[in-house]
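To start, the structure under review is shown below, and the notes come after it.
The values are calculated or read from the model by the stated rules, or taken from the named source; none is laboratory data. Quick caveat: nothing in here was measured; it's all calculated off a predicted structure. Here the Cβ positions follow ideal geometry from the backbone for every residue, glycine too, while neighbour counts run over all protein chains shown. Note: areas computed on protein heavy atoms with side chains; ligands, DNA, RNA excluded. Shrake-Rupley method; radii C 1.70, N 1.55, O 1.52, S 1.80 Å.
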Amino acid sequence: MIALTLSRIAEIVGGRLADVSADEASRIKVTGTVEFDSRKVTAGGLFLALPGARTDGHDFAGTAIDAGAVAVLAARPVGVPAIVVDPVAPDAGAAGTAGVLEHDADGSGAGVLAALARLAAAVAAELVADGLTIIGITGSSGKTSTKDLIAAVLAPLGEVIAPPGSFNNELGHPWTVLRATPSTDFLVLEMSARHPGNIAALARIAPPSIGAVLNVGTAHLGEFGSREAIAATKSELPQAVPASGVVILNADDPVVSAMADKTAARVVRVGRGSDAHADIRAEGVTLDELARPSFTLHAAGSQVPVTLAVHGDHQVSNALTAAAIALECGATLEQVAASLAAAGPASRHRMQVSTRGDGVTIINDAYNANPDSMAAGLKALAWMARETRSFAVLGEMAELGEDSISEHDRIGRLAVRLDVSRLIVVGSGRPMSAMLHGAVMEGSWGSEVTQVADADAALALLRDELQDGDVVLVKASNSAGLGALADALAADETGEGAR
């Protein structure tokens with residue numbers, strides 16, 4: 001973050017000083033990072049006191065100061081130097097804060113989050129004036145993988161700040177913005193939404209000059225009610241990009257491509273094949289034995305061969321978006337190809353592929369799931385296991401609303417159509433029973449499909465059945481908790497053959 005005095009921060013966020021004099025506040029500067037975990041506080045930092053599901057950050061204010069923080073951003077005095085902001089009523093807070101802090105009955109956490117947003121907006125404005133380029137990406141699936149690829153292709157051009165993992169909501173977004181410093185050239189931001197208006201609110205914090213929309217699927221369908229409502233919310237990003245900016249749209253998704261009518265910015269379309277409607281194209285896509293794509297990248301009348309280090313045919317569209325952004329920022333096609341070739345999976349539990357010493361390959365994609373990403377994962381599994389046995393260990397896809405039963409049924413049927421050798425359905429609720437039912441109705445029976453109660457039961461079954469050469473996909477929404485299963489499975493029987 002740029003260095004700011006406590007008095008200046010208080011002015012920006014509309015807070016009042018507590019346990020620090022006005023004279024001290026005008027001299028003491030925050031020179032470190034902003035943290036909401038007291039264990040991660042460093043010298044010169046600012047501690048964000050948020051109520052948690054089990055603990056309240058206000059209780060750790062003293063610990064944060066002892067660790068080097070110069071002050072706390074809080075909803076009440078905490079006995080150490082603090083900037084105190086008023087609570088926000090649950091129905092009047094910053095857009096989406098209720099979705100982040102559902103346990104925050106009095107709105108105190110929402111008030112602190114709103115203050116954090118104001119601080120991030122002020123810092124972003126100052127850095128943009130000094131030349132920072134802000135890049136925003138959204139989509140129903142693939143945001144984190146694409147964010148990682150964008151960071152990789154921009155790295156040769158300057159300093160890049162991007163969120164770790166999927167830090168893309170009302171807390172993670174401003175927290176990431178405040179990671180930027182005067183030396184930062186590119187700020188890459190994921191922008192997620194659980195309600196209409198969320199993306200627009202995030203864009204106001206850090207207005208992007210480059211915006212990219214990956215796809216419109218059925219993630220969070222239960223929150224939005226329809227794919228049309230999801231599309232309208234995703235279109236908030238292109239609408240936020242000014243006429244002087246550029247919007248990257250996926251030409252292979254008609255709903256996304258149509259968002260060109262929603263923006264005043266210049267539009268660049270990316271797509272597969274020789275479609276003349278795509279400005280940047282991937283042609284001749286092939287996959288190696290681990291489903292890593294290769295293709296010819298076409299842009300501005302030139303072409304270059306590209307081989308990706310990430311797994312799955314769906315990564316081609318993600319790579320095209322990253323390439324388009326890098327080219328807009330001044331990269332050459334050759335730089336893009338080299339950077340993409342070196343960019344392996346950077347975020348945990350997202351298409352992480354490892355082969356154990358006993359020859360079993362694990363596809364760990366357990367962080368998140370929706371119908372589109374689940375289908376992509378199953379297709380990658382089917383490709384990798386063309387000549388061996390395939391195991392799909394699938395948990396629930398959350399937030400699908402009224403479509404949950406039908407979508408889980410559809411995934412069960414797809415696993416059978418892709419000739420998955422063994423489908424292990426994890427969980428006992430109605431959606432998982434629907435997945436089992438779909439597989440059975442599609443023609444799978446006997447030992448081909450099994451429903452188990454939980455991750456421990458699935459792990460025990462796999463340890464009993466896996467053989468040399470088998471390929472296992474572990475995928476579910478994060479709430480299903482299958483990440484630990486995948487990690488344990490990958491750690492079994494490892495040896496010199498792991499890669």
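Rounded to the nearest 0.05, what FRET efficiency do Asp419 and Asp492 give with R0 = 25 Å and r taken as the Cβ-Cβ distance? Could you check? Each step should come with its number before you reach the end.
Numbers: r = 25 Å, r/R0 = 1.02.
For R0 = 25 Å, the calculated efficiency reads 0.45.
Relative contact order of the chain, please, whole-number percent, based on alpha carbon pairs below 8 angstrom and at least 6 residues apart. Don't skip to the answer; put the middle values down first.
Details: 1199 pairs, mean separation 52.1, N = 499.
Normalised by residue count, the contact order of the chain is 10 percent.
Given a Förster radius of 35 Å and the C-beta distance between Ile405 and Asp59 as r, what FRET efficiency does 1/(1 + (r/R0)^6) yield to the nearest 0.05?
E between Ile405 and Asp59, to the nearest 0.05, is 0.25.
Full-extension gain between Glu159 and Asp454, please, as 0.36 nm times their residue separation minus the C-alpha to C-alpha distance.
Numbers: separation 295, 0.36 × 295 = 106.20 nm, distance 4.32 nm.
So the chain would gain 101.9 nm between Glu159 and Asp454.
Among the listed pairs Lys262/Lys379; Lys143/Lys262; Lys40/Lys475; Lys147/Lys262, give every one whose C-alpha distance is greater than 25 Å. Please report the intermediate quantities before stating the final value.
On the way: Lys262/Lys379 33 Å; Lys143/Lys262 21 Å; Lys40/Lys475 30 Å; Lys147/Lys262 23 Å.
In this structure, Lys262/Lys379; Lys40/Lys475 exceed 25 Å between Cα atoms.
With a/c under 1.5 counting as rounded, go ahead and sort region 286-441 into rounded, prolate or oblate using the C-alpha gyration tensor (a ≥ b ≥ c being the square roots of the eigenvalues; past the cut-off, prolate if a/b is larger than b/c, else oblate). Mind showing how you got there, number by number?
On the way: a/c = 2.50, a/b = 1.83, b/c = 1.36.
Because a/c hits 1.5 or more and a/b exceeds b/c, region 286-441 counts as prolate.
So what are the radius of gyration and Dmax for the Cα set of region 226-268, in Å?
According to the Cα coordinates of region 226-268, Rg and Dmax are 9.9, 32 Å.
So what is the accessible area of the chain per residue, in Å², with the probe set to 1.4 Å? Intermediate results must be reported in sequence, preceding the final value.
Values: 19440 Å² over 499 residues.
Heavy-atom accessible area per residue stands at 39 Å².
Give me the angle, in degrees from 0 to 90, between the Cα long axis of helix 404-417 and the longest principal axis of the Cα atoms of the chain, rounded to the nearest 10.
Long axis of 404-417 versus the principal axis of the chain: about 40 degrees.
Only bridges with both residues in the chain count here: give the DSSP antiparallel percent, nearest 5.
Details: 22 of 71 bridges.
Roughly 30 percent of the beta bridges in the chain run antiparallel, per DSSP.
Within the set of other residues whose C-beta is less than 15 Å from the C-beta of Gln239, count the net charge using Lys and Arg as +1 and Asp and Glu as -1. Let's see the in-between values first.
On the way: positive: Arg204, Lys234, Lys262, Arg266; negative: Glu236, Asp261.
Once all neighbours under 15 Å are counted, the net charge is +2.
Express in nm, to one decimal, how much length is gained between Glu126 and Asp185 on full extension, taking 0.36 nm for each residue of separation and deducting their alpha carbon distance. Show your work: numbers first, answer last.
Values: separation 59, 0.36 × 59 = 21.24 nm, distance 1.30 nm.
Length gained, Glu126 through Asp185: 19.9 nm.
Once Lys and Arg get +1 and Asp and Glu get -1 on their Cβ, which of Ala240, Thr138, Ala342 lies farthest toward the positive end of the dipole of the chain?
So the residue furthest toward the plus end is Ala240.
Mind giving me the FRET efficiency for Glu11 and Arg266? R0 is 35 Å, r the Cβ-Cβ distance, nearest 0.05 is fine. Please list the in-between numbers first.
Values: r = 37 Å, r/R0 = 1.05.
Efficiency, from the Cβ-Cβ distance: 0.45.
By how many degrees, between 0 and 90 and to the nearest 10, does the Cα long axis of helix 430-441 differ from the longest principal axis of the chain?
20
Does region 239-375 classify as rounded, prolate or oblate by the C-alpha gyration tensor (a ≥ b ≥ c root eigenvalues; a/c under 1.5 gives rounded; else a/b over b/c gives prolate, otherwise oblate)?
Numbers: a/c = 2.08, a/b = 1.58, b/c = 1.32.
Prolate.
Can you give me the Cα centroid spacing of region 410-477 and region 236-266 in angstrom?
39
Taking all protein chains in place and a 1.4 Å probe, what share, in percent, of the accessible surface of the chain do carbon and sulfur account for? Don't skip to the end; give the middle numbers.
Details: 9560 of 19440 Å².
Whole-percent figure for carbon plus sulfur exposure: 49.
How far is helix 315-328 tilted off the main Cα axis of the chain, in degrees rounded to 10, range 0 to 90?
The angle comes out at about 40 degrees.
Under the rule of -39500 (n - 2.57) per DSSP H run of 4 or more residues, summed and divided by the residues of the chain, what mean residue ellipticity at 222 nm is obtained, to the nearest 500 deg cm²/dmol?
Details: 19 runs with 177 residues, N = 499.
Calculated mean residue ellipticity at 222 nm is -10000 deg cm²/dmol.
For region 19-68 and region 200-218, compute the distance between their C-alpha centroids and round to whole Å.
30
Just check region 138-182 against the gyration tensor rule for me: Cα atoms, a ≥ b ≥ c as the square roots of the eigenvalues, rounded for a/c under 1.5, and otherwise prolate or oblate depending on whether a/b exceeds b/c.
Numbers: a/c = 2.89, a/b = 1.11, b/c = 2.61.
It is oblate, given that a/c is not under 1.5 and a/b is not larger than b/c.
Please report the spacing between the Cα centers of region 365-384 and region 140-154 in Å, no decimals.
Centre-to-centre distance over Cα atoms comes out at 17 Å.
Pulled fully out, how much extra length does the chain show between Ala338 and Thr286, if you take 0.36 nm times their separation in residues and subtract their Cα-Cα distance?
Details: separation 52, 0.36 × 52 = 18.72 nm, distance 1.79 nm.
The span from Ala338 to Thr286 would gain 16.9 nm if fully extended.
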